[in-house]
1. I'd like to check something: does segment 85-96 contain any residue that is surrounded by fewer than 16 Cβ atoms within 10 Å (Cβ to Cβ), closer than 22 Å to PHE16 by Cα and in contact with a strand residue (DSSP E or B) (Cβ under 6 Å, 6 or more places away or on another chain)?
2. Kindly indicate whether any position in segment 3-16 is modelled with pLDDT under 95, part of a strand (DSSP E or B) and open to solvent by 80 Å² or more (accessible area, probe 1.4 Å).
3. Which one of the conditions (1) more than 17 Å from GLU8 (Cα to Cα); (2) modelled with pLDDT under 95; (3) open to solvent by less than 60 Å² (accessible area, probe 1.4 Å) does ALA59 fail to meet, given that it meets all the rest?
4. Considering only residues of segment 39-56 that are within 21 Å of VAL19 (Cα to Cα) and surrounded by fewer than 15 Cβ atoms within 10 Å (Cβ to Cβ), which is nearest to the chain's Cα centre (by Cα)?
5. Residue by residue through segment 25-46, note down the ones that are touching a helix residue (DSSP H, G or I) at 6+ places or on another chain (Cβ under 9 Å), closer than 19 Å to VAL74 by Cβ and not aromatic (Phe, Trp, Tyr).
Amino acid sequence: MKFAIFLEKCNKAEEFQKVVPDHVAYMTRLHERGILIAGGPFRDAKGGMVLIEAEDEAAAHAIASADPFIVRGVERYDLRSWEVLTPVLPDLLSRDG
(Lines give C-alpha, C1' and ligand atoms only; values in the text may rest on other atoms or scores of the structure.)
Protein backbone atom coordinates (compact mmCIF):
# COMPACT_ATOMS: atom_id res chain seq x y z
CA MET A 1 0.00 0.00 0.00
CA LYS A 2 1.11 3.56 -0.66
CA PHE A 3 1.11 6.22 2.06
CA ALA A 4 1.84 9.93 2.19
CA ILE A 5 3.54 11.24 5.31
CA PHE A 6 2.99 14.96 5.75
CA LEU A 7 5.65 16.51 8.00
CA GLU A 8 5.14 19.80 9.82
CA LYS A 9 7.86 21.70 11.68
CA CYS A 10 7.47 22.30 15.42
CA ASN A 11 9.20 25.72 15.60
CA LYS A 12 12.52 24.37 16.84
CA ALA A 13 14.71 25.79 14.07
CA GLU A 14 18.07 25.38 15.82
CA GLU A 15 17.35 21.77 16.84
CA PHE A 16 15.86 21.02 13.40
CA GLN A 17 19.13 21.78 11.61
CA LYS A 18 21.01 19.39 13.90
CA VAL A 19 18.64 16.53 13.00
CA VAL A 20 18.71 17.01 9.19
CA PRO A 21 21.72 14.68 8.60
CA ASP A 22 20.07 11.88 10.59
CA HIS A 23 16.79 12.37 8.69
CA VAL A 24 18.60 12.24 5.34
CA ALA A 25 20.42 9.06 6.39
CA TYR A 26 17.07 7.51 7.41
CA MET A 27 15.50 8.45 4.06
CA THR A 28 18.52 6.91 2.29
CA ARG A 29 18.05 3.64 4.20
CA LEU A 30 14.32 3.61 3.33
CA HIS A 31 15.21 4.14 -0.34
CA GLU A 32 17.76 1.32 -0.27
CA ARG A 33 15.10 -1.01 1.20
CA GLY A 34 12.58 -0.09 -1.53
CA ILE A 35 10.24 1.69 0.89
CA LEU A 36 10.78 5.33 -0.08
CA ILE A 37 9.04 6.40 -3.30
CA ALA A 38 9.77 10.13 -3.12
CA GLY A 39 10.24 12.85 -0.54
CA GLY A 40 11.25 16.41 0.00
CA PRO A 41 10.51 19.70 1.73
CA PHE A 42 7.71 22.07 0.84
CA ARG A 43 9.02 25.28 -0.69
CA ASP A 44 7.50 27.37 2.12
CA ALA A 45 9.93 25.61 4.53
CA LYS A 46 7.12 24.63 6.93
CA GLY A 47 7.57 20.91 6.48
CA GLY A 48 7.61 18.29 3.78
CA MET A 49 6.11 15.12 2.37
CA VAL A 50 7.36 11.56 2.06
CA LEU A 51 5.72 8.92 -0.12
CA ILE A 52 6.27 5.34 0.98
CA GLU A 53 5.28 1.76 0.28
CA ALA A 54 4.23 -0.18 3.41
CA GLU A 55 2.40 -3.43 4.14
CA ASP A 56 -0.37 -1.71 6.09
CA GLU A 57 -1.19 1.38 8.14
CA ALA A 58 0.53 0.07 11.27
CA ALA A 59 3.75 -0.48 9.32
CA ALA A 60 3.46 2.99 7.78
CA HIS A 61 3.05 4.56 11.24
CA ALA A 62 6.12 2.63 12.43
CA ILE A 63 8.14 3.99 9.50
CA ALA A 64 6.93 7.56 10.07
CA SER A 65 7.44 7.52 13.83
CA ALA A 66 11.02 6.19 13.46
CA ASP A 67 12.05 9.24 11.39
CA PRO A 68 14.64 11.19 13.42
CA PHE A 69 12.57 14.37 12.84
CA ILE A 70 9.73 12.73 14.78
CA VAL A 71 11.89 10.93 17.34
CA ARG A 72 13.68 14.19 18.23
CA GLY A 73 10.42 16.21 18.29
CA VAL A 74 11.34 18.78 15.64
CA GLU A 75 8.46 17.76 13.38
CA ARG A 76 5.11 16.02 13.73
CA TYR A 77 3.40 13.96 11.06
CA ASP A 78 0.04 13.14 9.54
CA LEU A 79 -0.30 9.84 7.66
CA ARG A 80 -2.69 9.35 4.75
CA SER A 81 -3.30 6.23 2.68
CA TRP A 82 -2.85 6.99 -1.02
CA GLU A 83 -4.59 5.17 -3.85
CA VAL A 84 -2.49 5.55 -6.99
CA LEU A 85 -4.77 5.71 -10.04
CA THR A 86 -2.34 7.05 -12.63
CA PRO A 87 1.28 6.13 -13.33
CA VAL A 88 4.02 8.38 -12.06
CA LEU A 89 6.37 9.76 -14.68
CA PRO A 90 9.95 9.28 -13.43
CA ASP A 91 11.06 12.58 -14.95
CA LEU A 92 8.55 14.41 -12.75
CA LEU A 93 10.17 12.97 -9.65
CA SER A 94 13.64 14.22 -10.52
CA ARG A 95 15.09 16.99 -8.40
CA ASP A 96 13.93 20.35 -9.73
CA GLY A 97 15.84 22.64 -7.41
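The values are calculated or read from the model by the stated rules, or taken from the named source; none is laboratory data. Note that the structure is predicted; figures quoted are calculated from it, not measured. Glycine gets a Cβ as well: all are built from the backbone with ideal geometry, and neighbour counts include every protein chain shown. We work out accessible area using only protein heavy atoms, side chains counted, and drop any ligands, DNA or RNA first. Shrake-Rupley method; radii C 1.70, N 1.55, O 1.52, S 1.80 Å.
1. no
2. No; the residues of segment 3-16 include none that is modelled with pLDDT under 95, part of a strand (DSSP E or B) and open to solvent by 80 Å² or more (accessible area, probe 1.4 Å).
3. So ALA59 meets the others, but not (2).
4. We begin by selecting, within segment 39-56, every residue within 21 Å of VAL19 (Cα to Cα); these are 39-52.
Right, trim to surrounded by fewer than 15 Cβ atoms within 10 Å (Cβ to Cβ) and you get 40-46.
Numbers: GLY40: 7, PRO41: 9, PHE42: 11, ARG43: 15, ASP44: 16, ALA45: 14, LYS46: 13 Å.
Result: GLY40.
5. Residues of segment 25-46 that are touching a helix residue (DSSP H, G or I) at 6+ places or on another chain (Cβ under 9 Å), as a first pass: 25-26, 30, 35-39.
Subsequent filtering for residues that are closer than 19 Å to VAL74 by Cβ retains 25-26, 30, 39.
Residues satisfying the conditions are ALA25, LEU30, GLY39.
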